[in-house]
Amino acid sequence: MSLRFRVLGSGSGGNATLVEGGGARVLLDAGLGPRQLAERLVSAGVDPASLDAIFVSHEHGDHARGAAAFSAKWGVPLALSRGTFRAAGFAAAKLPSCDDLAPGETRTIRRLTVQAVAVPHDAASPLAFVVCAGAVSLGHATDLGHLSRGLVAALRGCDAVLVESNYDPALLRDGPYPWSLKQRILGPLGHLSNGDVGRLLERGLGEACRRVVLAHLSKKNNHPELALQAAEESLGRASRRNVEVTLAAPEGTGWIAVRASRADAGRHEGQLRLF
Ligand SMILES: [Zn+2]
Ligand SMILES: [Zn+2]
């Protein structure tokens, strides 16, 4: 079974990732306006009405801005935590369907599963997601202040990981943000730095992982080359030259295919591999 994904938007301008596999098609976050989201789906060759669900990680506008209006216009159900639902003010919206998704729970749509994982961020009940189609899995974590044990454990089994690489500490320190906002970003409920991601890549990736996407880069407090360099140096220290790193631009990426590693695929299929 195959899995593929495509980032439709990344960063403070709006986050959304389209994932297809197991006969289903879901969106992780809808932080773009409904019209822009629909346009980017059509550019990807996807009919907006064909989505099976939108999973919303948390209520911040860059993740939830378009969720209610898009859901209502195209008849696509939402799945999100109770805290996110309340904090986003979705109770007042006319939504086709809204699934109350608690951290630790999994939803299955045909042969695609989406597991919700709690993450530390200054939001009501924020989530990361692990999406699986058969033996193939994608971990998707944006907006978290530190690498919690539960999240690292969830990402360790993934064949591909999308993770935020939000800021470079020196650029943040010397940058234009007010001190209070700098403290918030640096804090345990803020965002991950390039160095935090480096530690994840060096020590937290499972053997199956072959693809990493760095997302949600700050325009003011990071630079794509710094994020990429930090990630590649960390993978080099861990001798993980089989892991390909991609940067998600603000306007997204092309399609990225996720494949199970050979050893993993054999184990999941329960077959003896002779070659
Ligand atoms: Zn965000
Ligand atoms: Zn956030």
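For the reader, a short list of remarks on this structure follows.
- Length-normalised contact order of the chain in % [C-alpha pairs under 8 Å, at least 6 apart]: 19 percent
- Applying the Karplus relation 6.51 cos²θ - 1.76 cosθ + 1.60 with θ = phi - 60° to region 89-100 yields 3J(HN,Hα) values of x, 6, 4, 7, 7, 8, 10, x, 6, 9, 9, 7 Hz, where x marks Gly and Pro.
- Residue order for H60, H121 - accessible surface, 1.4 angstrom probe, largest first: H60, H121
- Cα centroids of region 114-135 and region 21-70: 16 Å apart.
- Rounded if a/c under 1.5, otherwise prolate or oblate - region 1-139, Cα gyration tensor axes: rounded
- The chain - percent of accessible surface contributed by carbon and sulfur, probe 1.4 Å: 52 percent
- What the phi angles of region 204-217 give under the Karplus curve with 6.51, -1.76 and 1.60, with θ = phi - 60°, is a coupling list of x, 7, x, 4, 6, 6, 10, 9, 10, 10, 8, 10, 6, 5 Hz, glycine and proline written as x.
- Listed values for region 36-47 are Karplus-derived 3J(HN,Hα) couplings in whole Hz (6.51 cos²θ - 1.76 cosθ + 1.60, θ = phi - 60°), namely 5, 4, 4, 4, 5, 5, 4, 4, 7, x, 10, 6, and x replaces Gly and Pro.
- Peptide packing: for 111-119, 228-236, the average count of neighbouring Cβ atoms within 10 Å per residue gives the ranking 111-119, 228-236, highest mean first.
- Under the shape rule built on the C-alpha gyration tensor, where the axes satisfy a ≥ b ≥ c, region 23-70 is oblate, since a/c reaches at least 1.5 while a/b does not exceed b/c.
- Where region 136-275 is the region considered: accessible area per residue in Å², 1.4 Å probe: 50 Å²
- Projected area averaged over orientations for the chain, convex hull of C-alpha atoms, nm²: 14.1 nm²
- Estimated [θ] at 222 nm from DSSP helical runs (n ≥ 4, -39500 (n - 2.57)) normalised by residues in the chain, nearest 500: -7500 deg cm²/dmol
- Residue ranking by accessible heavy-atom surface, 1.4 Å probe, largest first, among D196, D143, D174, D99 comes out as D174, D99, D196, D143.
- A 1.4 Å probe, protein heavy atoms only, puts the accessible area of S193 near 10 Å².
- Formal net charge of residues neighbouring V197 (Cβ-Cβ distance under 12 Å; K, R +1; D, E -1): -4
- One compactness figure for region 120-224 is 1.08, namely its Cα radius of gyration divided by 2.2 N^0.38 Å.
- Taking label points 7 Å from Cα along the Cα-to-Cβ direction, Q229 and R111 give a separation of 4.5 nm.
- Looking at the chain alone, DSSP beta bridges between its own residues are antiparallel in about 60 percent of cases.
The values are calculated or read from the model by the stated rules, or taken from the named source; none is laboratory data. Computed from a predicted structure; not experimentally measured. Reconstructed Cβ throughout: ideal geometry from the backbone, glycine too, with neighbour counts over all protein chains shown. These accessible areas exclude ligands, DNA and RNA; they are computed on the full protein's heavy atoms, side chains included. Shrake-Rupley method; radii C 1.70, N 1.55, O 1.52, S 1.80 Å.
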